[in-house]
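The values are calculated or read from the model by the stated rules, or taken from the named source; none is laboratory data. Computed from a predicted structure; not experimentally measured. Every residue, glycine as well, gets a Cβ built from its backbone with ideal geometry; the counts of neighbours run over all protein chains shown.
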Amino acid sequence: MEDLLKKYLDQGIQLRKEGKLVGAMEQFQEALKLDGDYFPALNQLAEVYEEKKEWKEAIATYEHLIKLEPAHSLTRGKLARAYMNFGQLDLGIEEYEKAIQLNPESPPWIYNNLGEALEQKGRLEAAVTVYENAIKVGQTSPFTYKKLADTLLLLRRKGEAEIVYYQALDKYFQLLELEPDQPSVLIQLAGVYESLKDFEKAISCHRRVLQIQPDNMIARARLVRAKLGQEDILGAVEEYEEIADNPQLPVWVYNELGDAFWKISELEKACALYRQGIKLYPQNVDLIFRLGKTFSLLEKWDEGIDCYQTATKIAPTHWNAYYYLGDALVQLKRYDEAEIYYQLAEGQFYLTQNFKKSDLPPDFDWQVYLELNLDLKKKGLCKLEAIRHFMLSGIEEERFYSLADFHNPKRRPDIAEKSVRKTITNPVISSGVQRLAVLVHIYYFELWSELFGYIQHIPEEFDLFINVVESIWTPKIHEQLRQDAPNASILITKNRGKDIGGQLALMNQLDFSEYDLFCLLHTKKSPHVSKIMSDLWRKDLLSAILGSEEKVKTNLEIMRENSTIGLLGSRYWRHTELGKNALHYHRLLEEFAIKEDARECEYLSGTMMLVRPGILQPIYEKFKDVELEDGDGGDLAFHMDGQIAHALERIIGNLVRHQGMEFFWQE
């Protein structure tokens, strides 16, 4: 019988090598009819089930093998692998750990897979220990070094990670010296380059593999990833289309390319990719969860709920799925159910993280965190994802996490100390004119009512000059302005030079000698930053100068009793950076012949201030006949930086110093 068993086994192995999996299975099953415990045939059959992604059958067969040989560490590793692919993470970890206990010299893939499983559970320190143990016992591959480096990076240990990445490169180079054109080594080497963000070298490695093996599906798939790393989504799609019909694509191709479609708002295409992946990997929680998120974005709440519930059945610790399930239920006004899932999400979240809720700063505000960091907001992070990002990356990246944090001088060195009002025992009251001119530039008319509310805090008579941008002017706007400020002088001009351009146009309507102070205001919206940041910026600027009637009274007294103060504004928006304005700025320093000791860049960002007319008059005289840049139709980059208006904003500070005056920083 042994000869017959071996005959069936050998025939099955040969058919398997030829890719004839069904025929191979038939041969192994014939052998098992003769001997149901024939270990070699059971092992081959289990591996074929894995190749066919028939995970239940693979698991059952490996479990049979372990009953026959409980101490067979390699079989336990294979069982763990099948559990993992079936979405049973905890069972997979348990079997990998048993395999290593039985044989510390288990092959590298067992260590690597255990480390990856622990990472998925959020047990990053444990994963590091596994990789380090693999290296200690010598059961390692260059890939182990890469995985160790990846995990160190997640733990914010960047210096250590970089060292280990270069150790991995050395290991791969050694292998390539022995066999220069080994496709598997080139593909793994590309993976290290991807981790180091050197995508050109990664792509070069994959192209080399495809020269050697034009049909290498893994290299083509990894090209998709490298192209995505370069943010070349169209290039990634082209590479994917070369292999789209291949039933053996790794699951991450569907995940990552689907995510790329998210970035360009091609949600239906993302759905199609995730569904295609789920057909091949029906137990893959990440694919199911991503499909649910896409349904939510498409406002298909019931379909999203189905996906989230499926994900939590497969992986009961999937906190993200619980949270998004709660969000979807809120949209359907099923609030009580939603609250249950939010609580489940938070409970599972902190059980699987390397930090506690108490580790968060007391004033951490996840919504403000996303608003102050628009790159994160664009990713659509939920509350728990935002917390996780902050704890794992945001702290090290020194990201702002609350409005109070943004106002912390230790975090923003440019913030000025609040100026102290000097006590003047015998104040010199000027015998000249004491009258305030308020110059308002309006582009975002929806902010006028807020701005006018601040203007009404001024406790003395003043002259109001309003410039309205021509492209937004309507008779209705004009009527509203006349109703609110019947005595104002209203001007309509083209949108040139931003707010400073509008205020220069207003200066053409007044006599500088009739005023001792100007108050510069505008409807500041800042489209290049988030709404919460824009609102904070505007309100900081306004509160510092016009926050209340008492504040205005004090500010006017400060300016009038101390002739050395040239400008008063918000301490939170003192800046010293040139940005992209160096060329214009240095030219203006020369044109205004600024003294050497007044050439440091210090200015009020946002140009809402109390300022002496003599500071602004040189700018007016030089630019009154100059046509500044047209702001209508400018893209986001245009509004951010680099215009003459931005350089003029900065030169005001130099003119203050040039005239022997100083700033008064208020809050």
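Contact map, the range 14-38: first residue within 13 Å of Tyr49 (Cα to Cα), second residue among the small types (Gly, Ala, Ser) and part of a helix (DSSP H, G or I), Cβ cut-off under 7 Å, separation 6 or more or different chains; pairs are Arg16/Ala24; Ala24/Gly12; Phe28/Gly12; Phe28/Ala41.
Using the structure shown, decide if Leu481 is surrounded by 15 or more Cβ atoms within 10 Å (Cβ to Cβ) and of a type in the set (A, V, I, L, M). Spell out the reasoning first.
Details: surrounded by 15 or more Cβ atoms within 10 Å (Cβ to Cβ): yes; of a type in the set (A, V, I, L, M): yes.
So Leu481 passes the test.
Summed over the range 515-556, the residues that are polar (S, T, N, Q) and more than 35 Å from the chain's Cα centre (by Cα) give a count of 3. Restricting attention to the range 383-408, the residues that are in a loop (DSSP other than H, G, I, E, B) and either in contact (Cβ under 8 Å) with a residue 60 or more places away in the chain or not aromatic (Phe, Trp, Tyr) (or both) add up to 8.
Can Cys601 be described as within 32 Å of the chain's Cα centre (by Cα) and not aliphatic (A, V, I, L, M)? First the steps, then the outcome.
Working: within 32 Å of the chain's Cα centre (by Cα): yes; not aliphatic (A, V, I, L, M): yes.
Answer is yes for this residue.
Filtering the range 264-302 to residues that are among the polar types (S, T, N, Q) and either at positive phi or assigned to a helix (DSSP H, G or I) (or both) leaves Ser265, Gln276, Thr294, Ser296. Of all residue pairs spaced 6 or more apart or on separate chains, those with beta-carbon atoms under 6 Å, a first member in the range 222-233 that is farther than 13 Å from Lys201 by Cα and a second member that is of a type in the set (Gly, Ala, Ser) are Val224/Ala236; Leu228/Ala236; Leu228/Ala260; Ile233/Ala260.
Residue by residue, here is whether (1) touching a residue at least 60 places away in the same chain (Cβ under 8 Å); (2) under 22 Å from the mean Cα position of the chain (by Cα) holds:
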{"site": "Glu239", "(1), (2)": "no, no"}
{"site": "Pro247", "(1), (2)": "no, no"}
{"site": "Pro250", "(1), (2)": "no, no"}
{"site": "Ala260", "(1), (2)": "no, yes"}
{"site": "Asn284", "(1), (2)": "yes, no"}
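Quick check: anything in the range 484-506 in the same structural domain as Ser563 (by TED's automatic domain parsing), of a type in the set (S, T, N, Q), under 24 Å from Ser548 (Cβ atoms) and in a loop (DSSP other than H, G, I, E, B)? Yes, there is a match, as at least one residue in the range 484-506 is in the same structural domain as Ser563 (by TED's automatic domain parsing), of a type in the set (S, T, N, Q), under 24 Å from Ser548 (Cβ atoms) and in a loop (DSSP other than H, G, I, E, B).
Yes/no per residue for (1) within 19 Å of Lys78 (Cβ to Cβ); (2) in a helix (DSSP H, G or I):
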residue	(1), (2)
Glu105	yes, no
Tyr111	yes, yes
Gly122	no, no
Val128	no, yes
Asn133	no, yes
Lys146	no, yes
Asp150	no, yes
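Restricting the range 571-582 to residues that are surrounded by fewer than 18 Cβ atoms within 10 Å (Cβ to Cβ) and within 12 Å of Leu648 (Cα to Cα), the residue that is nearest to the chain's Cα centre (by Cα) is Leu578. Please verify whether Glu194 is more than 23 Å from Arg81 (Cβ to Cβ), acidic (Asp, Glu) and buried (at least 16 other Cβ atoms within 10 Å of the Cβ), treating the condition exactly as stated. Yes.
Would you say Leu616 is buried (at least 19 other Cβ atoms within 10 Å of the Cβ), assigned by TED's automatic domain parsing to the domain that holds Lys525 and either within 23 Å of Pro459 (Cβ to Cβ) or acidic (Asp, Glu) (or both)?
no
Which one of these is under 30 Å from Ile565 (Cβ atoms), at pLDDT 95 or above, assigned to a strand (DSSP E or B) and out of contact with any Ser or Thr (no Cβ under 8 Å at 6 or more places or on another chain): Phe518, Phe452? Lay out the reasoning, then the answer.
Details: Phe452 fails: assigned to a strand (DSSP E or B).
When all the criteria are applied, what remains is Phe518.
Taking every residue in the range 369-382 that is surrounded by 15 or more Cβ atoms within 10 Å (Cβ to Cβ) and pairing it with any residue that is of a type outside the set (A, V, I, L, M, F, W, C), at least 6 positions away or on another chain, the pairs with Cβ-Cβ distances below 6 Å are Tyr369/Tyr401; Leu370/Lys377; Glu371/Ser530; Asn373/Arg399; Cys382/Tyr323.
I need the full set of residues from the range 568-605 which are small (Gly, Ala, Ser), at pLDDT below 90 and in a helix (DSSP H, G or I), in order please. The one that is small (Gly, Ala, Ser), at pLDDT below 90 and in a helix (DSSP H, G or I): Ala582. Is it fair to say Glu97 is in the same structural domain as Ile110 (by TED's automatic domain parsing), of a type outside the set (A, V, I, L, M) and surrounded by fewer than 16 Cβ atoms within 10 Å (Cβ to Cβ)? No: the conditions fail for Glu97.
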